[in-house]
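Chemist: Quick one: structure below, then a few questions.
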Amino acid sequence: MQFNGQRRDYLRVLYDVKRPAWARLKRNLVTVPGMAGAYLQNTDVDVREIEVPVRIIDVEKVGLQKIKEDLAAWLVTDSPCELIFDDEPDRIYYAVVDDTVDLEEIVTLGSGTIRFICPDPYKYSTTEKYVEFTNAASFNVGGTVETEPVITVEVAQDTTFLAVSNGEQLNMIGDVADVDVQPFEPKQRIFWSECNSLVGWTDSATVDGGTVAGTLKTDGYYFYSDNYGTGSQWHGPALKTSLSEALQDFSIEAIIDFRATDPKQVGRIVITALDEMNQTVARMQFWRRNSYAKTNYALFSAGHGANQKTIFHDTGDQLSVWNDFYGMLRIERIGNKWNVYVAQIDRTTGKHHSRGGVRYW
């Protein structure tokens, strides 16, 4: 048995697993006086219940209490997870363990029954990937219940809209441009760096709120430093580059990796947008400012000197949610509106989580 993508060597599933062919059905009937029988109004499909008899074998001699802890960590989840049986490897159930299961009894006696509930009563086959198509295609999908496809679209050129239709329904984002209207491109990339080379970058003589010291390097993927120089206040290396043109409206995004290698370390990463006079227009800063509190802060500000305005300065929803940070910082100005955004990024899926930010006029 595989649950939530995991197995356990100490768990043996016995043969008499109770998997009903279908979930319980409730037929809703309407009776009419004088008419024999009734009309079938509709059918409700109940949740599916699965009973899995198991035996515990302490093959690693870790002790039953340790097994009980591991069982709870494995089986007790907040949301349904994939449940796959070895005799049915091409079918997937989405299940949660029943809260009436007595894990202690199972472990102590060496055998027992784990009960799963499937809020979604259907079982699924593994995902089938069909050939690519350009405009239209039809697929023959087996099974006994209607299912919807997952459509992935790769946009090959600029477009004002994207639409997917099944012939009767339409899902569209954007809008179709009239023939006499010139589409407007709201954002154009002016500058992009993968931080894989120092070509085009020069040492900066000054930094906002600190002293320049040490050196920055590249490992082919990131700018990093193993030499921060010396100083009694904020100090470290800094690089500067130029844009091809001056901007009024802009959006800046950066991916940073910020983690301490010692509990008492402090540090900060600062990304600053400058005007033609080298004065600060906008600043993104991520920092740990206290050697006695393992808490990271994100700081966004606009303006220069006495006119500098802090837009956002926070730790996220919880004090530790941005610790060991790998994620994105973004600041943008459109007219008189500022938007700031900070989020952790899951290194495996690329999804953003633990977000923070604000809008400011």
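Chemist: Any residue at all in the stretch 233-249 that's within 31 Å of the chain's Cα centre (by Cα), within 28 Å of residue 336 (Cβ to Cβ) and either touching a residue at least 40 places away in the same chain (Cβ under 8 Å) or open to solvent by less than 80 Å² (accessible area, probe 1.4 Å) (or both)?
Modeler: Yes, the stretch 233-249 contains at least one residue that is within 31 Å of the chain's Cα centre (by Cα), within 28 Å of residue 336 (Cβ to Cβ) and either touching a residue at least 40 places away in the same chain (Cβ under 8 Å) or open to solvent by less than 80 Å² (accessible area, probe 1.4 Å) (or both).
Chemist: Could you run through the stretch 341-361 and say how many residues are touching a Leu at 6+ places or on another chain (Cβ under 8 Å) and open to solvent by less than 30 Å² (accessible area, probe 1.4 Å)? Walk me through how you get there before you give the answer.
Modeler: Step one: of the stretch 341-361, the residues touching a Leu at 6+ places or on another chain (Cβ under 8 Å) are 341-342.
In the following step, the residues that additionally are open to solvent by less than 30 Å² (accessible area, probe 1.4 Å) were identified as 342.
The qualifying residues number 1.
Chemist: Return the residues of the stretch 48-95 that are in contact with a strand residue (DSSP E or B) (Cβ under 8 Å, 6 or more places away or on another chain) and in a loop (DSSP other than H, G, I, E, B); say none if nothing qualifies.
Modeler: 57, 76, 77, 79, 80, 86
Chemist: Taking into account only those residues within the stretch 29-46 that are among the hydrophobic types (A, V, I, L, M, F, W, C) and open to solvent by 70 Å² or more (accessible area, probe 1.4 Å), which is farthest from residue 119 (Cα to Cα)? Spell out the reasoning first.
Modeler: Initial filter on the stretch 29-46 (among the hydrophobic types (A, V, I, L, M, F, W, C)): 29-30, 32, 35-36, 38, 40, 45.
Going one step further and asking which of them are open to solvent by 70 Å² or more (accessible area, probe 1.4 Å), we end up with 29, 36, 40.
Details: 29: 24, 36: 36, 40: 24 Å.
Here the residue is 36.
Chemist: Now a separate question. What about residue 107, is it in contact with a helix residue (DSSP H, G or I) (Cβ under 6 Å, 6 or more places away or on another chain), at pLDDT 75 or above, on the phi < 0 side of the Ramachandran plot and not basic (Lys, Arg)?
Modeler: Numbers: in contact with a helix residue (DSSP H, G or I) (Cβ under 6 Å, 6 or more places away or on another chain): yes; at pLDDT 75 or above: no; on the phi < 0 side of the Ramachandran plot: yes; not basic (Lys, Arg): yes.
So residue 107 does not fit the description; no.
Chemist: When you look at residue 321, is it open to solvent by less than 70 Å² (accessible area, probe 1.4 Å) and either among the charged types (D, E, K, R) or assigned to a strand (DSSP E or B) (or both), yes or no? If you could, list the steps in order and put the result at the bottom.
Modeler: Numbers: open to solvent by less than 70 Å² (accessible area, probe 1.4 Å): yes; either among the charged types (D, E, K, R) or assigned to a strand (DSSP E or B) (or both): no.
For residue 321, the condition - open to solvent by less than 70 Å² (accessible area, probe 1.4 Å) and either among the charged types (D, E, K, R) or assigned to a strand (DSSP E or B) (or both) - is not met.
Chemist: Being at pLDDT 80 or above and in contact with a Phe, Trp or Tyr (Cβ under 7 Å, 6 or more places away or on another chain) is the requirement here; does residue 181 meet it? Spell out the reasoning first.
Modeler: Values: at pLDDT 80 or above: yes; in contact with a Phe, Trp or Tyr (Cβ under 7 Å, 6 or more places away or on another chain): no.
Judged against the criteria, residue 181 is not a match.
Chemist: Looking at (1) over 30 Å from residue 215 (Cβ atoms); (2) without any contact (Cβ under 8 Å) to a residue 60 or more places away in the chain; (3) open to solvent by less than 40 Å² (accessible area, probe 1.4 Å); (4) in contact with a Ser or Thr (Cβ under 6 Å, 6 or more places away or on another chain), which one does residue 332 not meet, given that it meets all the others?
Modeler: (2)
Chemist: Got a number for residues in the stretch 47-65 being surrounded by fewer than 17 Cβ atoms within 10 Å (Cβ to Cβ), of a type in the set (D, E, K, R) and either closer than 17 Å to residue 7 by Cβ or modelled with pLDDT of 85 or more (or both)?
Modeler: Qualifying residue count, the stretch 47-65: 4.
Chemist: Can you name every residue in the stretch 310-324 that is free of Cβ contacts under 8 Å to residues at least 24 places away in the same chain and not β-branched (Val, Ile, Thr)? Reasoning before the result, please.
Modeler: Within the stretch 310-324, the first condition is being free of Cβ contacts under 8 Å to residues at least 24 places away in the same chain, and the residues that meet it are 310, 313, 315, 318.
Correct list: 313, 318.
Chemist: Acidic (Asp, Glu), in contact with a strand residue (DSSP E or B) (Cβ under 9 Å, 6 or more places away or on another chain), more than 24 Å from residue 188 (Cα to Cα) and open to solvent by less than 70 Å² (accessible area, probe 1.4 Å), is that true of residue 257? Don't jump to the end; show me each part of the working.
Modeler: Working: acidic (Asp, Glu): yes; in contact with a strand residue (DSSP E or B) (Cβ under 9 Å, 6 or more places away or on another chain): yes; more than 24 Å from residue 188 (Cα to Cα): yes; open to solvent by less than 70 Å² (accessible area, probe 1.4 Å): yes.
Criteria met by residue 257.
Chemist: Please verify whether residue 99 is at pLDDT below 85 and open to solvent by 40 Å² or more (accessible area, probe 1.4 Å), treating the condition exactly as stated.
Modeler: Details: at pLDDT below 85: yes; open to solvent by 40 Å² or more (accessible area, probe 1.4 Å): yes.
Criteria met by residue 99.
Residues are listed down the side, and each one gets a yes or a no for (1) of a type in the set (Val, Ile, Thr); (2) farther than 30 Å from residue 47 by Cβ:
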{"position": "120", "(1), (2)": "no, no"}
{"position": "127", "(1), (2)": "yes, no"}
{"position": "139", "(1), (2)": "no, no"}
{"position": "154", "(1), (2)": "no, yes"}
{"position": "160", "(1), (2)": "yes, yes"}
{"position": "175", "(1), (2)": "no, yes"}
{"position": "182", "(1), (2)": "no, yes"}
{"position": "194", "(1), (2)": "no, yes"}
{"position": "199", "(1), (2)": "yes, yes"}
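Chemist: Could you grab the pairs with beta carbons closer than 9 Å, sequence gap of 6+ or different chains, first residue in the stretch 292-309 and open to solvent by less than 90 Å² (accessible area, probe 1.4 Å), second one in a loop (DSSP other than H, G, I, E, B) and among the β-branched types (Val, Ile, Thr)?
Modeler: 295/315; 296/315; 296/321; 297/315; 298/315
Chemist: Are any residues in the stretch 1-28 hydrophobic (A, V, I, L, M, F, W, C), open to solvent by less than 100 Å² (accessible area, probe 1.4 Å) and more than 24 Å from residue 67 (Cα to Cα), and if so, which ones? If you could, list the steps in order and put the result at the bottom.
Modeler: Restricting attention to the stretch 1-28, the residues satisfying the condition of being hydrophobic (A, V, I, L, M, F, W, C) are 1, 3, 11, 13-14, 17, 21-23, 25.
Then keep just the ones that are open to solvent by less than 100 Å² (accessible area, probe 1.4 Å); that gives 1, 3, 11, 13-14, 17, 21, 23, 25.
Answer for the stretch 1-28, where residues must be hydrophobic (A, V, I, L, M, F, W, C), open to solvent by less than 100 Å² (accessible area, probe 1.4 Å) and more than 24 Å from residue 67 (Cα to Cα): 21, 23, 25.
Chemist: Say whether the condition of being on the phi < 0 side of the Ramachandran plot and free of Cβ contacts under 8 Å to residues at least 12 places away in the same chain is met by at least one residue in the stretch 278-291. Don't jump to the end; show me each part of the working.
Modeler: Within the stretch 278-291, the subset on the phi < 0 side of the Ramachandran plot is 279-291.
Now narrow it down to the ones that are free of Cβ contacts under 8 Å to residues at least 12 places away in the same chain: none.
No, the conditions are met nowhere in the stretch 278-291.
Chemist: Any residue at all in the stretch 257-268 that's in contact with an Asp or Glu (Cβ under 7 Å, 6 or more places away or on another chain), assigned to a strand (DSSP E or B) and within 23 Å of residue 200 (Cα to Cα)? Reasoning before the result, please.
Modeler: Filtering the stretch 257-268 for residues in contact with an Asp or Glu (Cβ under 7 Å, 6 or more places away or on another chain) gives 259.
Filter again for assigned to a strand (DSSP E or B), leaving none.
No.
The values are calculated or read from the model by the stated rules, or taken from the named source; none is laboratory data. All values reported here derive from a predicted model rather than from experimental measurement. FYI the Cβ positions are ideal-geometry reconstructions off the backbone, even for glycines, and counts take in every protein chain you see. What goes into the accessible areas is simple: the full protein's heavy atoms, side chains included, and nothing from ligands, DNA or RNA. Shrake-Rupley method; radii C 1.70, N 1.55, O 1.52, S 1.80 Å.
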